[in-house]
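The values are calculated or read from the model by the stated rules, or taken from the named source; none is laboratory data. These numbers come from a predicted model, not from an experiment. So basically every Cβ, Gly included, is an ideal-geometry build from the backbone, and we count neighbours across all protein chains shown.
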Amino acid sequence: MSGELRYERVGAAAVLTIDRPQRRNAIDAAAAEAFRRGLEDFEADDEARVLVLTGAGGVAFCAGADLKAMDLEVDHPAGPMGPTRLTPSKPAIAAVDGWCLAGGVELALWCDLRIATPQSTFGLFERRWGVPLVDGGTQRLPRIVGMGRALELILLGRPVEAEEAHRIGLVNEVVEPGKHLDRALELAERIAGFPQETMLADRQAAIEGFAFPLADGIALEHKLGRETLHVAVRGAKQFAEGAGRHGEF
């Protein structure tokens, strides 16, 4: 993989690190292609249960597209800044420290969960230069923070500090400085410890069913749930025998 992105296995997680600190981890064409290959490696590894996406250098998670390079493929079917027009089949967590701007916000939104440090700042700053959101941000942001908040951030392009990002639901958790990756890995191990078939089915039903009419969404939930009933039967037997009670798992 490109030296600008590092892929490594840490327990049940695959950690993908954007390693371009000299460019505040902005993404150029080579880094975008490395990101796509990283997702392919993650999908092919059955033992990798969660993808953790982070940035190197302690200054930025990702400052968006590298506007000095200006070499991203806008029409790439997977997405300009990587696989942003795809949905991974397994959960992904963004571990954010520092600046998370423009396309970097879109990368964080691509993940299921977002962990941030207090010094993290989010913002769709591309508004200032007339650059459009083309990596899923206009669709994912309203689904996460609601249409009113999403339009505010899209139209104003203002900075959002970590505390506000947490308050409006853009960030799931704010952790101590330097602990963002540790916390993401902790959550990855927790997710990996659950029966995977039902967890993945519920995740798929939530993601795909979000835009459906209620009846269609419930039908999808029913279909996916029936396909994992054998896991439910096994889990019910374990519960009856005493496992997983009183908050234990």
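Observations
- Of the listed requirements (1) modelled with pLDDT under 95; (2) part of a loop (DSSP other than H, G, I, E, B); (3) buried (at least 17 other Cβ atoms within 10 Å of the Cβ); (4) not hydroxyl-bearing (Ser, Thr, Tyr), Lys90 misses just one: (1).
- When Leu51, Leu133, Leu113 are screened for being without any contact (Cβ under 8 Å) to a residue 40 or more places away in the chain, under 28 Å from Arg203 (Cβ atoms) and out of contact with any His (no Cβ under 6 Å at 6 or more places or on another chain), only Leu133 passes.
- So Glu106, is it assigned by TED's automatic domain parsing to the domain that holds Ala56, surrounded by 20 or more Cβ atoms within 10 Å (Cβ to Cβ) and not in a loop (DSSP other than H, G, I, E, B): yes
- Consider the range 178-202 and keep the residues that are part of a helix (DSSP H, G or I) and among the basic types (Lys, Arg). The one that is surrounded by the most Cβ atoms within 10 Å (Cβ to Cβ) is Arg183.
- Being among the polar types (S, T, N, Q), under 23 Å from Val74 (Cα atoms) and in contact with a helix residue (DSSP H, G or I) (Cβ under 9 Å, 6 or more places away or on another chain) is a property that Thr138 has.
- Scanning the range 128-149 for residues that are in a helix (DSSP H, G or I) and modelled with pLDDT under 95 returns Arg128, Trp129.
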